[in-house]
Structures are given as C-alpha cells and as structure tokens.
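Participant: Below: one structure in structure tokens.
The values are calculated or read from the model by the stated rules, or taken from the named source; none is laboratory data. The shown structure was predicted, so the numbers you read here are calculated from the model rather than taken from an experiment. We place every Cβ from the backbone using ideal geometry, glycine too, and count neighbours over all the protein chains shown.
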Amino acid sequence: MLAMSSIDKPSYKESTQLDIRGKVCPLTFVYTKLALEELETGRILEVFLDFPAALKNIPESCRRQNIAELLEIKKHHSDKPEWIMILKKL
Amino acid sequence: MDLSDEQINRYSRQIVLKEVGGIGQNKLLDSKISLIGLGALGSSAAYYLAAAGVGTLQIIDFDTVELSNLHRQILHFTKDINSKKTSSAADKLNSLNPDCTIEIVNDHITPKNSKALLKDSNFVIEGSDNIQTKMLINDTCISLKIPFTIAGVLRFHGQIMTVVPEKKTSCYRCVFGDITEVDSSMSCSQAGVIGFVPGVLGCLEANEALKYILNIGDLLTNKIMYVDLLRNSFNFIEIHRDNKCIACGDNAKDLVEEANYGGLDACDE
C-alpha cells in the first residue's frame with residue numbers, strides 16, 4: 001500500500017496522512033479504506049488527493065459503510081487541483 | 001500483512017465491499033482450502049477461489065482429462081486430454097493468480113489418507129461424483145472438526161449443503177444415513193448433466209468457503225439448497241441434526257477407521 005506522505009505538514013494533531021495523488025476511483029476509496037482499517041476509532045486521517053470525483057465518492061462510501069465521518073475538505077494548492085480530505089475513523 | 005499495490009489493484013473490487021476490506025482479504029490470503037475432485041464442481045469452485053486470493057488451494061484428484069469432460073469441466077482444455085487433472089488445473093490456476101499456492105495431490109482420497117490430507121485445511125469443498133467419497137469427506141471432516149460443503153448434480157438440477165461440525169449442524173449422514181451403494185444409472189455419465197449446473201453449484205460451494213473464512217452472511221447449514229435450472233427454481237429443504245446419526249450423533253464414533261465406504265480404496269474421484 002502507499003506510504004503515508006511525509007512531504008506535507010499535517011494540519012491536525014496526531015493525524016495520519018495518506019497520499020493518493022495520481023489514484024483514480026475506485027482505488028481512491030480502496031486505499032482510504034485500507035488506511036482507515038489501521039486506525040483506532042476517533043483517529044484522524046488526512047487524505048491528499050487530486051481526483052475530483054473522489055471528493056464525493058470517498059465520503060459517500062465511508063458513510064455507507066459507516067467507517068469514517070467527513071470533517072472537512074481543504075484546497076491543498078491554490079494553483080493545482082489538489083485537496084486534503086479530513087476523515088474521522090468511526 | 002501489508003497488501004502490495006498489485007494486490008490492492010487485483011482485489012480492489014472485493015476489498016471495496018463492506019464485508020471484505022483489507023482485513024478480509026488478508027484472511028483469504030492466509031487461508032487454506034482443500035478441494036476434492038477437479039471435475040465440473042471443482043473447476044468453477046477452484047477458479048473463483050484462486051481468483052479471490054485464497055492463499056493455498058489443495059487440489060485432490062487422481063483422474064485424467066477426457067474429451068467428454070470438456071463440456072462442463074472448465075479448468076481443462078482440449079490440449080489437456082490425457083493429462084492429469086491436477087496438473088491441468090494447476091497450470092490454469094497458477095496463471096490466473098500467482099498469490100494462490102496450488103498444492104497438488106495426485107491420488108485417490110481414501111480412509112487411509114483422508115485425515116492426513118485434510119487436517120490443515122480451514123475449509124473443505126467436496127466436489128466428487130460419488131456418494132462413497134461424499135460420506136468419507138463427511139466423516140473425516142466431522143472427526144477433524146473442519147467445516148465443509150458438499151454438492152451433487154445431475155441433469156438440470158443440483159443440491160448443496162454445508163456442515164460446521166463445531167456448531168453441530170446436521171451432516172450428510174443425518175440426511176442420507178449409511179448409503180454407500182447407488183444405482184449407477186444415476187451417474188452423470190449415464191443420466192447426463194448440463195454443464196452450467198455444476199458451474200452454478202461449484203460457485204455456490206466457493207461462496208460457502210469464502211463466507212466461512214470471512215465469517216460473513218449465512219451458510220447453507222441445517223438445510224439443503226435444491227436448484228433446478230430447467231424450471232429456474234432455487235428451493236431450501238430444512239433438515240435437522242439426527243441425535244442418533246452414526247457420524248455426528250450423541251453416541252457417534254469416529255467412522256473413518258471402521259465404516260464401509262463401498263470399496264473406496266479403488267473408487268473414482
């Protein structure tokens with residue numbers, strides 16, 4: 001599985017980071033799900049992504065499977081289509 | 001165990017399922033399933049289990065591929081005629097998924113070797129074409145406390161049941177007693193079988209194994225599923241454990257050493 005990113009500074013305390021830039025759906029959710037499985041309930045996962053459809057698909061799948069709650073989505077770069085999705089493990 | 005990027009991609013459509021995930025995929029990769037018979041039931045069961053990423057598949061058959069097998073035994077190709085079914089099957093399964101280790105047993109399964117062959121299995125799939133072997137697998141798995149599924153097919157219909165010895169669900173002998181002799185006119189070679197029927201039943205057997213390994217859904221225990229593809233019917237017949245069953249009843253003995261399997265030492269797969 002993808003190594004957790006160390007190139008971006010975490011914006012949440014004690015969060016885990018996952019870099020899935022370059023991945024497309026449904027692998028975006030698959031990698032996110034695998035990362036969430038490693039976390040304890042209540043922990044935060046920051047997902048770095050660049051596939052626009054995943055902004056909707058990942059939270060929707062997480063909600064349907066009751067594995068994580070979407071806290072927020074932030075723009076990662078103002079000049080590039082990259083985002084940080086903040087998920088809380090349920 | 002961390003899944004590789006290739007594994008994540010290969011299994012992505014099942015990892016994505018709520019019931020599987022990475023945890024379930026690792027359970028499959030860590031599991032060993034034994035399959036008796038590489039005919040039509042075994043072909044579809046083995047194919048899908050290898051594809052799903054079962055870590056070890058032990059395949060047991062002594063037979064060779066014949067031309068008349070090919071309309072239903074989809075693991076074997078025309079070029080495989082006269083080859084051992086185990087080597088023909090291993091060839092295809094290894095090509096399909098290198099994650100799945102194929103263990104070949106090119107031999108009859110008999111009362112003398114059944115326990116040794118099956119003892120390390122997490123689940124056993126019975127796909128032979130004769131009732132003597134089905135009885136032997138039933139008795140062996142009950143003795144070893146290994147869950148198993150048994151299916152049979154003829155013409156356009158088939159049946160399947162699953163037994164979980166540790167949960168004392170009804171077994172094959174609870175239903176069929178100690179029958180070891182049947183009318184040979186009721187075999188597939190005499191009565192005929194349409195290829196899709198064992199295809200469907202083999203898939204159902206694989207599905208039982210997968211559900212057991214992942215501890216999801218409902219198994220076909222305490223019931224027989226009866227499938228008639230000519231009439232498109234899928235019916236369930238409720239069955240109950242027989243307290244006096246010679247294999248699993250309250251006073252049952254280990255039958256493998258002493259039961260009569262109708263001369264199974266020389267029996268077909």
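Participant: Looking at (1) more than 14 Å from chain A (Cβ to nearest Cβ); (2) assigned to a helix (DSSP H, G or I), which is the only condition B:Ile33 fails?
Facilitator: (2)
Participant: Residues that are more than 27 Å from B:Pro111 (Cα to Cα), modelled with pLDDT of 95 or more and among the β-branched types (Val, Ile, Thr): find the helices (runs of 4 or more DSSP H) completely inside the stretch B:164-260 holding 2 or more of those. Show your work before the answer.
Facilitator: Numbers: elements: B:172-176, B:188-191, B:196-214.
Here the list reads B:196-214.
Participant: Quick check: anything in the stretch B:63-78 surrounded by fewer than 23 Cβ atoms within 10 Å (Cβ to Cβ) and either closer than 30 Å to A:Pro26 by Cβ or within 14 Å of chain A (Cβ to nearest Cβ) (or both)?
Facilitator: Yes, some residue in the stretch B:63-78 is surrounded by fewer than 23 Cβ atoms within 10 Å (Cβ to Cβ) and either closer than 30 Å to A:Pro26 by Cβ or within 14 Å of chain A (Cβ to nearest Cβ) (or both).
Participant: Another question, then. Can you tell me which condition B:Met225 does not meet? The list is (1) aliphatic (A, V, I, L, M); (2) over 23 Å from B:Leu57 (Cβ atoms); (3) more than 17 Å from the chain's Cα centre (by Cα); (4) surrounded by fewer than 20 Cβ atoms within 10 Å (Cβ to Cβ), and all the others hold.
Facilitator: (3)
Participant: Could you say which residue among B:Ala151, B:Ala116, B:Ala191 is in contact (Cβ under 8 Å) with a residue 60 or more places away in the chain and either surrounded by fewer than 20 Cβ atoms within 10 Å (Cβ to Cβ) or in contact with a Leu (Cβ under 8 Å, 6 or more places away or on another chain) (or both)? Walk me through it before giving the result.
Facilitator: On the way: B:Ala116 fails: in contact (Cβ under 8 Å) with a residue 60 or more places away in the chain; B:Ala191 fails: in contact (Cβ under 8 Å) with a residue 60 or more places away in the chain.
On inspection, the qualifying residue turns out to be B:Ala151.
Participant: Sort out which residues of the stretch A:27-85 are more than 19 Å from A:Thr16 (Cα to Cα), of a type outside the set (S, T, N, Q) and within 14 Å of chain B (Cβ to nearest Cβ), and write them in order of number.
Facilitator: A:Glu60, A:Arg63, A:Arg64, listed by residue number.
Participant: I would also like to ask the following. Could you run through the stretch B:187-222 and say how many residues are of a type in the set (Ser, Thr, Tyr) and under 17 Å from the mean Cα position of the chain (by Cα)? Outline the logic, then answer.
Facilitator: To start, the set of residues in the stretch B:187-222 that are of a type in the set (Ser, Thr, Tyr) comprises B:187, B:189, B:212, B:221.
Adding the requirement that they be under 17 Å from the mean Cα position of the chain (by Cα) leaves B:212, B:221.
Total meeting the criteria: 2.
Participant: Restricting attention to the stretch B:1-30, which residues are within 14 Å of chain A (Cβ to nearest Cβ) and in a loop (DSSP other than H, G, I, E, B)?
Facilitator: Hits for the stretch B:1-30 are B:Met1, B:Asp2, B:Leu3, B:Ser4, B:Tyr11, B:Val16, B:Leu17, B:Lys18, B:Glu19, B:Val20.
Participant: If I filter the stretch B:95-107 for residues that are in a loop (DSSP other than H, G, I, E, B) and either of a type in the set (Lys, Arg) or under 26 Å from B:Arg155 (Cβ atoms) (or both), do I get at least one hit?
Facilitator: Step one: list which residues in the stretch B:95-107 are in a loop (DSSP other than H, G, I, E, B), which gives B:97-100, B:106-107.
If we keep only those that are either of a type in the set (Lys, Arg) or under 26 Å from B:Arg155 (Cβ atoms) (or both) as well, we get none.
No.
Participant: Checking the conditions here, which among A:Ala3, A:Ala53 is modelled with pLDDT of 95 or more, more than 9 Å from the chain's Cα centre (by Cα) and not hydroxyl-bearing (Ser, Thr, Tyr)? Give the derivation first.
Facilitator: Working: A:Ala3 fails: modelled with pLDDT of 95 or more.
None of the other options fit; the residue is A:Ala53.
Participant: Let me ask you something else. Scanning for something surrounded by fewer than 20 Cβ atoms within 10 Å (Cβ to Cβ) and either within 13 Å of the chain's Cα centre (by Cα) or of a type in the set (A, V, I, L, M, F, W, C) (or both), does the stretch B:132-142 turn up at least one residue?
Facilitator: no
Participant: Given the condition in a strand (DSSP E or B) and among the polar types (S, T, N, Q), answer yes or no: does some residue in the stretch B:149-161 qualify?
Facilitator: Filtering the stretch B:149-161 down to residues in a strand (DSSP E or B) leaves B:149-155, B:157-161.
Okay, now just the ones that are also among the polar types (S, T, N, Q), so B:149, B:159.
Scanning the stretch B:149-161, I find at least one residue that is in a strand (DSSP E or B) and among the polar types (S, T, N, Q), so the answer is yes.
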